[in-house]
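The structure under discussion appears below in the form of structure tokens.
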Amino acid sequence: MEGEKWKQREFTLASVSDLSSSSSSSSASPGIARFTSDGLHIHHDSHQILANVDLRAAQVFKLSPVRSVCMVEEEGSDVLKKKSYSKGVTIQFRNEEDSAAFHCVVQQWKKEGKVQGGNLPNGTIITSKSKFDEKIESSSAKMYFHYYGQLLHQQNMLQDYVRTGTYYAAVVENRADFIGRVVVDVGAGSGILSLFAAQAGAKHVYAVEASEMAEYARKLIAGNPTLAQRITVIKGKVEDVELPEKADVLISEPMGTLLVNERMLESYVIARDRFLTPTGKMFPAVGRIHMAPFTDEYLFIEIANKALFWQQQNYYGVDLTPLHGTAFQGYFSQPVVDAFDPRLLIAPPMFHVIDFTKIKEEELYEIDIPLKFIASVGARVHGLACWFDVLFNGSTVPRWLTTAPGSPTTHWYQLRCVLSQPIYVMAGQEITGRLHLIAHNAQSYTIYLTLSAKMWGPGAEQGGILQTSSCKLDLKEPYYRMSQPQAYPVAQDQQPQSLLQPQDIHIQSHDLNESEIMQQPSPNSCAQIDSLMQNI
């Protein structure tokens with residue numbers, strides 16, 4: 001008998017209403033939610049039954065600490081395919097304790113009913129393993145949500161005034177896209193973008209956040225009462241939660257290093273498919289990955305010299321040299337994240353477009369970019385430099401957010417893939433290659449880069465390859481180099497290709513062996529490089 005007690009639980013509700021009603025507020029009235037052995041029955045105080053819910057075929061989730069929604073599956077819906085829901089009931093509890101007890105009973109009911117489920121943090125649903133969990137390893141997800149659940153990291157992003165200021169301008173300058181509209185903030189974090197949307201006149205904003213930051217967002221939003229009444233924080237993943245209405249606008253900050261790191265763009269696209277109306281807008285709508293070959297002797301020597309430790313033949317009587325080659329390649333497998341001087345670029349950049357409004361989620365699993373550049377100067381090519389920008393395609397004022405070298409630095413900085421074997425080019429020579437990104441389950445990408453110098457001069461029309469160099473890097477494990485001196489931006493009238501001439505390259509050998517690469521620059525060569533950098 002003890003195990004049957006929860007089946008008879010009854011909850012007095014402050015209000016209950018049918019989502020299909022044209023005006024939920026006018027039709028809402030006090031009610032009762034009663035659990036029996038065959039499910040959940042919700043009805044008004046007048047005893048008019050609003051819903052008989054089979055919890056095995058329904059989804060129950062929280063909109064706020066005292067407000068929940070029960071979505072009832074349409075009869076005949078295929079459990080193995082996309083489900084459709086014919087009815088939704090909004091439940092308002094008298095207090096948080098009643099809400100918590102109600103959801104506890106839901107869990108117990110499903111557990112005893114052998115239905116797969118779990119805890120019910122705000123916004124998450126009782127369902128099978130989510131799409132996010134299927135493609136992302138749990139340890140990575142745990143660290144990811146822990147990281148973004150910390151105020152210190154949110155502060156770091158908020159204090160990126162290029163980032164935050166551009167988002168603010170993109171929203172308030174395009175009030176016409178927000179006034180009277182339903183907005184979903186995907187990965188809301190602190191809730192700052194939700195507050196911007198409310199400031200711009202949004203009818204209602206659903207701030208979806210999976211980390212513990214959702215609780216801080218609630219507190220911040222509650223502290224701004226004139227806006228808070230139009231914002232609902234939902235704790236959960238966009239892959240899992242259900243919303244009571246479609247969105248006219250999606251707003252998000254889904255960009256990571258190289259635009260795609262952390263794989264949040266996939267969640268942004270999933271949110272588009274699940275929540276956005278066919279004519280809805282996305283802020284941002286388009287992203288571009290920019291790429292250009294670069295020369296940077298200082299950086300190359302810095303990375304190569306990290307492996308010098310493993311060249312010791314008598315380290316406490318141990319010969320470390322067997323691991324030197326592996327360590328050398330290991331250091332070159334780290335993409336470099338820092339702010340570099342745009343004058344290090346040796347060819348005009350190209351870009352790859354990702355249209356967030358059209359791309360399919362699966363197309364982000366593998367990104368293949370063919371490369372083709374024309375060298376502006378003769379130089380040793382040490383790798384490929386990358387950065388990104390995104391477009392807020394507002395109806396009134398389209399606005400770009402850029403992370404380009406020479407522009408005001410953001411917390412994304414720029415990224416460089418460094419070749420362990422540089423290649424040599426002359427001015428006018430064609431550089432070809434491929435940047436191939438393959439997603440992995442640690443919420444990042446493996447980078448495969450190949451750069452080749454094509455035949456130059458007489459016979460170039462034959463199209464032969466003189467030199468090729470390749471590398472494999474893990475975008476999840478970058479080398480953060482922000483402690484290095486930061487470069488000054490280029491003046492508007494300066495042309496990068498005119499600042500680095502062929503005669504400035506002092507290394508003559510095309511066949512440096514590894515031991516030569518490891519050597520420290522001589523005092524004379526250091527003086528020459530210093531002189532060169534001072535004259536640039």
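The values are calculated or read from the model by the stated rules, or taken from the named source; none is laboratory data. Values in this document were obtained by computation on a predicted structure and should not be read as measured data. Positions of Cβ are backbone-derived with ideal geometry, glycine not excepted, and every protein chain shown enters the neighbour counts. Areas reflect the complete protein model, heavy atoms only, side chains present, ligands, DNA and RNA absent. Shrake-Rupley method; radii C 1.70, N 1.55, O 1.52, S 1.80 Å.
With the cut-off at 1.5 for a/c, could you classify the range 132-172 from its C-alpha gyration tensor as rounded, prolate or oblate? Spell out each step's value before the answer.
Values: a/c = 4.52, a/b = 2.04, b/c = 2.22.
Note, shape of the range 132-172 comes out oblate.
Share of the range 332-377's accessible area from carbon and sulfur, percent, 1.4 Å?
57
On full extension of the chain, what length is gained from Lys142 through Glu10, given 0.36 nm per residue of separation minus the C-alpha to C-alpha distance?
Value of the extension gain: 43.9 nm.
Using the C-alpha gyration tensor of the range 176-265, what are the square roots of 5 times its eigenvalues, in whole angstrom, with the largest one first?
Semi-axes (√(5λ), whole Å): 20, 15, 13.
Taking amide hydrogens as modeled 1.01 Å from N in the peptide plane, which residues meet the under 5 Å criterion relative to Gly394, leaving out close sequence neighbours?
Arg399
Leaving out ligands and nucleic acids, note down the accessible area per residue over the range 210-255 with a 1.4 angstrom probe, in whole Å².
That works out to 38 Å² per residue.
Given a 1.4 angstrom probe, I'd like the percentage of the accessible area of the range 255-315 that is carbon and sulfur, rounded to a whole number. Please list the in-between numbers first.
Numbers: 1020 of 1960 Å².
After summing per-atom areas, the C and S share lands at 52 percent.
Among 308-316, 294-302, how do they line up by average Cβ neighbours within 10 Å per residue, starting with the highest?
Result, highest mean first: 294-302, 308-316.
Set the bar at 18 Å for Cα to Cα. Now go through Lys135/Lys237; Lys306/Lys476; Lys135/Lys358 and name every pair that lies beyond it.
Numbers: Lys135/Lys237 14 Å; Lys306/Lys476 20 Å; Lys135/Lys358 22 Å.
Checking Cα-Cα distances, Lys306/Lys476; Lys135/Lys358 exceed 18 Å.
Residue separation times 0.36 nm, minus the C-alpha to C-alpha distance between Tyr365 and Arg94: what's the value?
Full extension from Tyr365 to Arg94 adds 93.0 nm.
Principal axes first, then extents: for the Cα atoms of the range 264-418, list largest minus smallest coordinate on each axis, whole Å, largest first.
On the principal axes, the range 264-418 reaches 70, 37, 28 Å in Cα extent.
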